[in-house]
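Below is one structure, written out as structure tokens; comments come after it.
The values are calculated or read from the model by the stated rules, or taken from the named source; none is laboratory data. Bear in mind that the values here come from a model prediction, so they are computed numbers and not experimental data. When we count neighbours, we look across all protein chains shown, and the Cβ atoms used for this are built from the backbone with ideal geometry, even at glycine. For accessibility, only protein heavy atoms count, side chains too; no ligands or nucleic acids. Shrake-Rupley method; radii C 1.70, N 1.55, O 1.52, S 1.80 Å.
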Amino acid sequence: MEQIQLTGIRKSYGKETAVQNLDLTVNSGDFLTILGPSGCGKTTTLRAIAGLEEPDEGEIQFGERIVFSRKQGVIIPPENRNVGFIFQSYALWPHMTVVENVAYGLMIRKFSTQDRKTKALEALDTVQMKHLAERRPNELSGGQQQRVALARAIVVEPDVLLLDEPLSNLDAKLRLEMRGEIRRICTSLGITTVYVTHDQKEALSIADRMAILKDGLVQQIGTPNEVYQQ
């Protein structure tokens with residue numbers, strides 16, 4: 001579990017400013033949702049935390065560790081940040097089985113074959129997918145693929161878990177079910193989580209705290225009750 005602190009983050013693409021002077025703190029073990037319309041800077045913020053985007057200005061810290069600082073010239077690459085990232089598209093490899101998909105991050109980290117399989121099966125058990133370990137992604141429903149993506153993200157025991165609109169490809173019933181599952185799993189594991197969405201109900205229902213973004217700026221941050229009431 002790590003506290004995430006973003007200070008003075010700015011990112012532009014040509015003449016378009018995606019994020020401007022953004023300050024944001026995610027407490028250790030918290031589940032924070034970032035809510036806002038398309039183009040407000042949600043995904044850019046998430047990708048900056050992961051190390052997939054380099055801000056033009058600012059600093060990002062995980063606990064006491066600086067993972068990005070333009071001023072100090074510190075740029076820690078994504079693979080050294082110990083971050084789990086769940087993409088909107090799930091990004092599962094079609095030629096691999098479910099258990100091979102989940103174990104891939106462990107292979108990169110040089111775990112033994114037996115340890116990879118054991119840990120991957122434990123992660124699949126956590127998301128209730130162990131019984132489908134030998135299937136391939138094209139044999140799974142959208143909700144099942146989402147669970148595999150979640151297992152792959154948590155199997156490496158990340159300090160931080162980032163989710164980029166992970167439920168947007170699911171129907172309404174599955175979205176409701178997976179919303180609760182993601183919240184349950186992240187809370188039980190105690191992972192510091194940042195969840196990006198444009199769905200107001202989704203953001204309100206699962207967050208410990210939520211940040212409202214508009215035009216690359218944080219407009220408000222607080223508990224779901226505080227944001228709803230004020």
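Table for the structure above
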quantity	calculated
Leading residue by the ranking (farthest from Met1 (Cα to Cα)) among those in the stretch 49-89 that are of a type outside the set (A, V, I, L, M, F, W, C), in contact with a strand residue (DSSP E or B) (Cβ under 9 Å, 6 or more places away or on another chain) and assigned to a strand (DSSP E or B)	Glu57
Members of the stretch 137-156 that are part of a helix (DSSP H, G or I), of a type outside the set (D, E, K, R) and at pLDDT 90 or above	Pro137, Asn138, Gln144, Gln145, Val148, Ala149, Leu150, Ala151, Ala153, Ile154
Among (1) closer than 21 Å to Pro166 by Cβ; (2) at pLDDT below 95; (3) of a type in the set (A, V, I, L, M), the one test that Leu22 misses	(1)
Verdict on Asp208 being more than 22 Å from Leu52 (Cα to Cα) and exposed (fewer than 15 other Cβ atoms within 10 Å of the Cβ)	no
Those residues of the stretch 122-136 which are of a type outside the set (Val, Ile, Thr) and in a loop (DSSP other than H, G, I, E, B), in sequence order	Gln128, Met129, Ala133, Glu134, Arg135, Arg136
Lone unmet requirement of (1) of a type outside the set (A, V, I, L, M); (2) in contact with a Pro (Cβ under 9 Å, 6 or more places away or on another chain); (3) at pLDDT below 90 for Arg175	(2)
Subset tally (residues that are touching a helix residue (DSSP H, G or I) at 6+ places or on another chain (Cβ under 6 Å) and either within 18 Å of Met96 (Cα to Cα) or modelled with pLDDT of 95 or more (or both)) for the stretch 122-136	7
Unique match (being closer than 24 Å to Leu121 by Cα and surrounded by fewer than 22 Cβ atoms within 10 Å (Cβ to Cβ)) among Glu100, Glu64	Glu100
Of all residues making up the stretch 35-48, the number that are closer than 13 Å to Leu6 by Cβ and not basic (Lys, Arg)	5
Qualifying residue in the stretch 154-173 (condition: open to solvent by less than 40 Å² (accessible area, probe 1.4 Å), of a type in the set (Gly, Ala, Ser) and under 21 Å from the mean Cα position of the chain (by Cα))	no
Residue within the stretch 183-202 that is of a type outside the set (Val, Ile, Thr), buried (at least 20 other Cβ atoms within 10 Å of the Cβ), modelled with pLDDT of 85 or more and closer than 19 Å to Arg47 by Cα present	yes
Hits in the stretch 212-230 - residues which are in contact with a Lys or Arg (Cβ under 9 Å, 6 or more places away or on another chain) and either open to solvent by less than 50 Å² (accessible area, probe 1.4 Å) or in contact (Cβ under 8 Å) with a residue 12 or more places away in the chain (or both)	Leu213, Gly216, Ile221, Gly222, Thr223, Pro224, Val227
Selected residue [over 20 Å from the mean Cα position of the chain (by Cα), over 19 Å from Leu6 (Cα atoms) and either assigned to a loop (DSSP other than H, G, I, E, B) or of a type in the set (Val, Ile, Thr) (or both)] from Met107, Met96	Met96
Matching residues, the stretch 21-48, being surrounded by fewer than 17 Cβ atoms within 10 Å (Cβ to Cβ) and in a strand (DSSP E or B)	Asn21, Asp23, Thr25
